[in-house]
Amino acid sequence: MSLLISNLLDKKEERSLKPKVALGNNVEEKLEKKIQEMELLKKEEEIQKKAQELNLNYVNLKKFTINLETLALIDQEQAEKLKIICFLKTQKEIKIASVNPLTPDILRLTAGLKEKYRREIATYLMSEESFQFTIKQYDYLPKIKETKKGVEITEEDLIKFQEEFNNFENFKEKLKFASLTDIITMLIAFGVKSESSDIHIEAEEEDVKIRFRMDGILYTIASLDKAIWPKIISRIKLISSLKINITDKPQDGRFTIYLTNDQVDVRISCLPTTFGESVVMRLLRSSKVGLSFEDLGLRDRAFDQLKKEVERPNGMILTIGPTGSGKTTTLYAILNKLNKPNVKIITLEDPIEYKLKGINQSQVDSNKNYTFTKGLKAILRQDPDIVMVGEIRDLETAEIAINASLTGHLVISTLHTNSAAATISRFLAMNVKPFLLTPALNAIIGQRLVRKICPFCKEEEKIPEETLKKIKEILRKLPEDYNFQYDLNNLKFYKGKGCVKCNQLKYKGRIGIYEILLMTSKIKESILSKKEEVLDEKIENLAIKEGMITMVQDGLLKALDGITSVEEVFRVTE
């Protein structure tokens, strides 16, 4: 056969050197076709020989009839990228052919097929011509149209309504005349535009109240006719894949709106109440997770202290505060700072609020008995460098987290207490052993969120004399070595007047105020001492003597900088 091919090719070369003789068109075409066939045949022989050298099977798929169902085991995009074809599936094995069957990508694919279909995988070498011939058969596969569940809300929908909303009154007026299908889209559009965290839709006796939580404060924005409430709740459930016919039990759902440079994850909670179901829609924007460690609002020595503790290879860092005080945002900012290619980070959350690139995130599920305790035990078997636990709720979780921090892991987590000093008492109340707690803890971050004054309507504020006296007393207790740059006898504070930019709310956005409690030797001695009960006040006084700036002091310093108001600082700290 090889000799025959060689002779034909020699004749082709001789013919190209001779003067052209007029031949019949059919004879010329048949000769060219025969030569091409022989050339392809020679290439196939070369591929077959290469397969023998590599100790691989060989196949020419031009002579093979492939079932379309078998072909579809590997999708077209992957087939074209890896130059691979699935050409036979039996009860015992799956046969695949590839132009480059020994590449890592092909080996991973075959391992995945073996696990998925529980069959042996036989790999064959094929030629490029064989692949190009067979890949065309994907054109005969039926095209399956993607079906979308429920009702879709698009970016175009949001933009359309956002352009129409200028303020609360404008939104309220347009909502009155909106069609049923537009109401939910309008609520979400205005929620996104106003940077609200939650939208509350509450059925009352006479009407339906619409309330937005902006910068932590709940505002009643509008009301709807009670008659259309059943249709509104049905539409919300349809969008979020909830059961429409269930009205007497709580339900949770979600859907996502994909924007050009962002996405909005909308989480739905339905709760049966006296006059109908109450619905809360939480708006989670992916862009918010990009907050850097430097942008948290930590200042001066607090920033330097926490930066040093975060960069330690092991130990435990806790953020504490009530619900809605920004603890999760702080944890994510710390993770963003620590997230590097040579570091393995695993989180255990309830729920996962934002997806973080390069970090393994796991969500607890009480329905499947996957708790923080069980999840944390499993995580530590994954050889992590850094572990983030959404919340420490019980003794067992606390002990596992503490032991992990003592055995070379950096553990960051949250706890619900009112101050950094109260964290110690909370752990001791859980029956955590003091001699394990003191070496494990690196730092405790107490925090609150305060609203920022709208920069477009900021003006100087006259503070009452009694309040001013209180402020001076607090600021005089700053550490002696703190570089206080203001004159206590001439303190200036600011407030918002209210303008179109802030919807007359006087505030726009929020920032954290912090206190960083470090585990100094004196604080450790106090915790380990059995002479007297460890009190929150005692720990706090020790921390202040050691140089801790309290949350109220940090807040007042931000008020002096014109970032927030005195009223706002005292609102969240007292």
Query raised in the report: Does D300 satisfy the criteria of being open to solvent by 50 Å² or more (accessible area, probe 1.4 Å) and touching a residue at least 60 places away in the same chain (Cβ under 8 Å)?
Result: yes
Report task. Under 7 Å between Cβ atoms, at least 6 apart or on separate chains: pull out the pairs that start in segment 550-574 with a residue that is at positive phi and of a type in the set (D, E) and end on any residue that is part of a helix (DSSP H, G or I) and surrounded by 24 or more Cβ atoms within 10 Å (Cβ to Cβ). Result -> none
Requested in this report: Could you tell me which of the residues S413, S419, S425 is open to solvent by 10 Å² or more (accessible area, probe 1.4 Å), touching a residue at least 12 places away in the same chain (Cβ under 8 Å) and under 30 Å from the mean Cα position of the chain (by Cα)?
Outcome: S419
Query - Matching residues in segment 241-279 - criterion: being under 20 Å from T185 (Cβ atoms), in contact (Cβ under 8 Å) with a residue 40 or more places away in the chain, open to solvent by 40 Å² or more (accessible area, probe 1.4 Å) and over 15 Å from the mean Cα position of the chain (by Cα) - result: S241, T260
Report summary line: Within segment 216-250, the residues that are assigned to a strand (DSSP E or B), touching a helix residue (DSSP H, G or I) at 6+ places or on another chain (Cβ under 9 Å) and within 23 Å of L284 (Cα to Cα) are Y219, I221, A222
Report summary line: Residue hits (segment 517-537; surrounded by 16 or more Cβ atoms within 10 Å (Cβ to Cβ) and either within 15 Å of L557 (Cα to Cα) or at pLDDT below 90 (or both)) are S526, I527, V534, D536
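Which one of these is open to solvent by 10 Å² or more (accessible area, probe 1.4 Å), small (G, A, S) and within 22 Å of the chain's Cα centre (by Cα): A333, A378?
Residue meeting the stated conditions: A378.
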Query raised in the report: Counting only residues that are open to solvent by 60 Å² or more (accessible area, probe 1.4 Å) and aromatic (F, W, Y), how many does segment 353-375 have?
Result: 1
**Report entry** Per-region count, segment 339-352, residues out of contact with any Asp or Glu (no Cβ under 6 Å at 6 or more places or on another chain) and open to solvent by 20 Å² or more (accessible area, probe 1.4 Å)
**Finding:** 7
Report task. Being outside any strand (DSSP E or B), in contact (Cβ under 8 Å) with a residue 24 or more places away in the chain and surrounded by fewer than 19 Cβ atoms within 10 Å (Cβ to Cβ) is the filter here, so list the residues in segment 198-215 that pass it. Result -> E204, E205
Report task. Under 6 Å between Cβ atoms, at least 6 apart or on separate chains: pull out the pairs that start in segment 127-155 with a residue that is at pLDDT 85 or above and end on any residue that is in a loop (DSSP other than H, G, I, E, B). Result -> E128/V99; S130/N60; F131/K83; F131/V99
Query raised in the report: Quick one: which helices (runs of 4 or more DSSP H) sit completely within segment 1-83 and have at least 3 residues that are at pLDDT 70 or above and open to solvent by 70 Å² or more (accessible area, probe 1.4 Å)?
Result: 25-53, 76-82
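The values are calculated or read from the model by the stated rules, or taken from the named source; none is laboratory data. Please read these numbers as outputs of a predicted model, since none were measured by experiment. FYI the Cβ positions are ideal-geometry reconstructions off the backbone, even for glycines, and counts take in every protein chain you see. Please note that ligands, DNA and RNA were not included when accessible areas were found on the heavy atoms of the full protein model with its side chains. Shrake-Rupley method; radii C 1.70, N 1.55, O 1.52, S 1.80 Å.
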